[in-house]
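Each remark here refers to the structure printed beneath this line.
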Amino acid sequence: MHREALGQFLRSRRERTSPAELGLPLRNRRTPGLRRSEVAELANISEIHYTQIEQARGSQPSPDVLGAVARVLRLTAGETQHLFDLAEQAPPRPAAPAMELSGRTRQLIESLPVPVLACSARLDVIGQNSASIDLLEDFAAGHPADRNLARRHFLPADDDDVWGSPGLSALSRFAAARLRSARARYPDDAITRDLVDELRERSERFEQVWQEAPVGFLRDTAVDVTEVRIGRATLACEVTDIPERDQYLVFLPAAPDASAAPDASAVPDASVVPGGRDPVSSSGER
């Protein structure tokens, strides 16, 4: 445990936290921010324990203590992760996949001219730009069940073979792998659990792939999943991981001309993921 760095980090964040924001009086304060006793009381831990943490003494703080302190000090997601890293503890897992995009991500996809979909950890479409609406549909206007790309892939409607692909097998493995990861990260999320159960029951193809237990981004099969067929158009399919929110961006640019001579500089390397490239995260599983 990085005791001194942990204590210094907590002190810096305590001193920047405004007592007024927490409904505390501002009188008789010789230093900025909160008192140690106030942090301890609001976090429902002993003042001695909190003081020892700041002074790099005592036992290793538990995840519950760290989480309570992070809430009192109003730490951001990045600051909370840093706090847990300094204490060498695993942060508590969220109960369900994040279904809201950050403002920065939303601005990014809206600014791009190529079709882009933003997906949750269980492959629900949670955002898209106008180019993808023109190409596909407005997912937000449809039934929530129809916004899931895994369901659309494994249980297509009679007139909806949008996600057909020359690399169908690898696309199936990629979707199953992401759902397996979502099941592991969000074991108490009923929606993810019910989606997997539905696909296993209704799709023979999904059950077969699920039994193979694929995990990660499946970079070993990336070359097999470079295109999807949407109507009469053949498009490249590239997936970028957003690790801090456990979300994905799916880019659908026009596929390169198959008749053109291959460009050696464009050969996929280890950073390529099924459906495309993963320039954000090199770890696959987190």
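From the protein chains alone at 1.4 Å, what is the descending order of accessible area for Val65, Val215, largest first? Walk me through the numbers before you get to the answer.
Values: Val65 20, Val215 85 Å².
Most to least solvent-accessible, the answer reads Val215, Val65.
Excluding Leu42 itself, calculate the net charge of residues whose Cβ lies under 13 Å from the Cβ of Leu42, where each Lys or Arg counts +1 and each Asp or Glu counts -1.
Values: positive: Arg14, Arg35, Arg36, Arg71, Arg74; negative: Glu21, Glu38, Glu41, Glu47.
Once positives and negatives cancel, what remains is +1.
By how many nm would the segment from Ser59 to Ala157 grow when fully extended, if each residue of separation counts as 0.36 nm and the alpha-carbon distance is taken off?
29.5 nm
In region 41-164, with Lys and Arg counted as +1 and Asp and Glu as -1 at Cβ, which of these residues, Leu73, Pro63, Thr51, has the Cα nearest the positive end of the dipole, that is, farthest along it?
Thr51
Provide the gained length on full extension for the span Asp188 to Asp85, in nm with one decimal, where the gain is 0.36 nm per separating residue minus the Cα-Cα distance. Provide the component values of the computation, followed by the final result.
On the way: separation 103, 0.36 × 103 = 37.08 nm, distance 2.43 nm.
Here the answer is 34.6 nm.
Calculated FRET efficiency, Asp146 and Asn28, Cβ-Cβ r, R0 45 Å, to nearest 0.05?
Plugging the Cβ-Cβ distance into 1/(1 + (r/R0)^6) gives 0.15.
State the extension gain, in nm to one decimal, for the chain segment bounded by Ala77 and Arg16, taking 0.36 nm per residue of separation less the distance between their alpha-carbons.
Length difference between fully extended and current span is 20.3 nm.
The values are calculated or read from the model by the stated rules, or taken from the named source; none is laboratory data. Keep in mind the model is a prediction, meaning the values are calculated, not measured. Please note: Cβ atoms are built from the backbone with ideal geometry, for glycine as well, and neighbour counts cover all protein chains shown. Protein only, heavy atoms only, side chains kept; ligands, DNA and RNA dropped before computing areas. Shrake-Rupley method; radii C 1.70, N 1.55, O 1.52, S 1.80 Å.
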